[in-house]
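Heads up: the structure comes next, in structure tokens.
What follows draws every value from the coordinates through simple rules; no lab data is involved. Remember, it's a predicted structure, so these values are computed and weren't measured experimentally. Neighbour counts are summed over all protein chains in view; Cβ atoms, including those assigned to glycine, are modelled from backbone coordinates with ideal geometry.
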Amino acid sequence: MPTVGKKTADKAVGRTRGGLNTKIHAVVDGLGNPVEFLLSAGNDHDSVHAVELLKQVKIRGSTILADRAYGAQAIREYISERGASYVIPPQKNVSQPWPVDWHVYKERHLIECFFQKIKWFRRVATRYDKLDASFLAFVYLAAIAILLF
């Protein structure tokens, strides 16, 4: 429950080295088209919101590609329990690393390309919007514009 009267209530804004920041978490399909978005504070770790984002998407029978930050056991178990597979490289300090198909992992560039395209929209790149709802709405509008290009 958000506290009333606080300036950061209902806002996904967190303090980072560069100042106040918001992270956009996204799921894209096999062609790089956006499927779902989630906002979080800039100082939150990426893996904290992964399961919450994956709950919004039907992943049965899919292969989930993610970088090392999403290699937590809880995330991998969630993906496996839903009948999907994952290609997530283990972090360097993992005591029991799991196998990774590096040829499939190369397709992860699709999400990076999507984020590069969404940064074409200055309003997304600099977050002019005060409220999360209006910022997320413009992220969806930017994604629609990218699909139409």
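Scanning the chain for DSSP H helices at least 18 Å long along the axis (C-alpha atoms) with a Kyte-Doolittle mean no lower than -0.5 picks out 132-148. Label zone (Asp101, point 7 Å along Cα-to-C-beta; backbone nitrogen cut-off 14 Å) within the range 58-95: 61-66, 84-89. The label-point distance for Val94 and Leu20, in a model that sets each label 7 Å from Cα toward Cβ, rounds to 3.7 nm. Length gained on full extension, Arg122 to Ser134: 2.9 nm, using 0.36 nm per residue less the C-alpha separation. Phi angles across the range 56-69 convert, under the Karplus curve 6.51 cos²θ - 1.76 cosθ + 1.60 with θ = phi - 60°, into 3J(HN,Hα) values of 7, 10, 7, 10, 4, x, 8, 10, 8, 9, 8, 8, 4, 4 Hz, Gly and Pro given as x. Close amide H contacts of Phe121 (hydrogens built in the peptide plane, cut-off under 5 Å, sequence separation of 5 or more or a different chain): none are found. Couplings 3J(HN,Hα) for the range 27-36, derived from phi with the Karplus relation 6.51 cos²θ - 1.76 cosθ + 1.60 (θ = phi - 60°), are 10, 10, 7, x, 9, x, 7, x, 10, 8 Hz, where x marks Gly and Pro.
Amide H contacts of Val35 (H built 1.01 Å from N, in plane; Pro and chain starts excluded): Val27, Val28, Asp29 sit under 5 Å, all sequence-distant by 5 or more or on other chains.
Can you tell me the dipole magnitude for the range 26-149 around its Cα centre, using point charges on the Cβ only (Lys, Arg +1; Asp, Glu -1), in Debye to the nearest 20? Intermediate values should be presented prior to the final figure.
On the way: 15 positive and 13 negative charges, 54 e Å.
My answer is approximately 260 debye.
Inter-label distance, Gln73 to Ser85: 2.3 nm, where each label sits 7 Å from its Cα along the C-beta direction.
Think of the range 47-149 as having a plus end and a minus end, set by charges on the Cβ of Lys, Arg, Asp and Glu; of Ile75, Phe114, Tyr86, Phe114 sits farthest toward the positive end of this dipole.
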